[in-house]
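Nothing in this text is a laboratory measurement; each read-out follows from the coordinates by a stated rule. Treat the numbers as computed from the prediction; the structure is a model and nothing was measured. Using ideal geometry, Cβ is built from the backbone for each residue, glycine included, and neighbour counts are taken over all protein chains shown.
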C-alpha cells in the first residue's frame with residue numbers, strides 16, 4: 001500500500017508541496033514567534049538556548065548574532081563552533097546542514113527554497129526545495145548567496161558577495177557571480193610519496209577541468225534548444241572539423257597533440273550523444 005505523504009514530508013524530501021497547508025502555516029507562525037524572541041534577546045546564552053530549541057540540531061559552541069531569519073528552523077542543522085554574523089537568512093524548506101567550525105559573514109543567505117518555472121504551477125501555490133550542505137571549516141564572506149541544491153566541501157572559502165549556483169569540492173577559494181574557483185588551498189602534508197604528490201596535482205587539475213566542462217555543457221544545452229527550434233540535425237561535420245583544427249592550434253607541446261585531439265573528439269562524441277538524448 002502506497003504511503004500518503006503529508007505536505008511537510010513532501011517539502012522536506014524536495015517534492016512539490018502546497019505551501020498553504022495548515023500544518024506548515026502553523027509551523028511558520030511558530031518560527032516567526034521564535035525569531036522575534038531570538039532577535040530581541042540581549043543575553044547571548046539565552047539567545048543560544050532559544051536557537052537550540054528552534055533548530056533541528058546544534059553543536060556545542062555555536063553563536064549567532066541577531067538578526068536571523070528562517071522559514072521553519074527545524075530544517076537547520078549546525079555543527080560545533082558555528083558562528084553567524086549579523087542578518088543571516090536561512091530559507092530552510094529543505095534541510096540546510098552545516099558542518100563543524102564554520103563561519104558566516106554578515107548578510108549570508110542560504111536559499112533551499114525555489115519555485116516551479118511553469119507559471120501555472122507557480123501561481124497555484126505549489127513550491128519545492130533542494131537541500132544545501134556545507135562541509136567543515138567553511139567560511140562564507142559577507143553577502144554570500146547559496147542557491148538551492150548546492151554542496152560545499154570541507155575548508156571552502158567563499159569570497160564576499162559571491163553567488164554560489166553549483167557545488168564545489170574541498171580546499172578551494174571561490175568567488176564571483178556565478179561563483180567559480182579562484183584558487184586551491186594547499187594543506188601541508190609533509191613526507192608524501194612522490195607519486196601521491198603528482199596524483200594530488202592531477203586531482204586538483206581535474207576539479208578545474210570538470211568545472212569548465214560543466215560550463216561547456218551549459219552552452220551545449222543552449223545549442224540543443226536552438227536546434228530544436230530550428231529543426232536542425234545534431235551532427236555538423238564541418239563544425240566538428242573546425243573545432244578540432246582550432247584545438248590543434250591551442251596545443252603548445254607537439255608531443256601532446258594526438259592525445260589531446262583524441263580527448264576532444266571523445267568530448268564532442270559525448271556531447272553529440274547528450275544532444276541526441278535531449279532531442280529524443
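Below, the figures for the structure above:
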{"read-out": "Ellipticity estimate at 222 nm from DSSP helix runs (n ≥ 4, -39,500 (n - 2.57)) divided over the chain, nearest 500", "value": "-13500 deg cm²/dmol"}
{"read-out": "Cα-Cα separations in the chain greater than 31 Å, expressed as whole percent", "value": "45 percent"}
{"read-out": "Among 261, 29, 201: highest mean-square fluctuation, GNM of the chain, C-alpha pairs under 10 Å", "value": "261"}
{"read-out": "Burial ranking of peptide ranges 42-52, 58-68 (average Cβ count within 10 Å, highest at the top)", "value": "58-68, 42-52"}
{"read-out": "Pairwise centroid distance, computed over Cα atoms, of region 226-280 with region 158-209, Å", "value": "27 Å"}
{"read-out": "Long-range tail of P(r) for region 194-279 (Cα pairs > 15 Å, %)", "value": "68 percent"}
{"read-out": "GNM flexibility winner over the chain from 211, 160, 270 (Cα, springs under 10 Å)", "value": "270"}
{"read-out": "Cα gyration tensor shape for region 4-90, rounded if a/c is under 1.5, else prolate or oblate", "value": "prolate"}
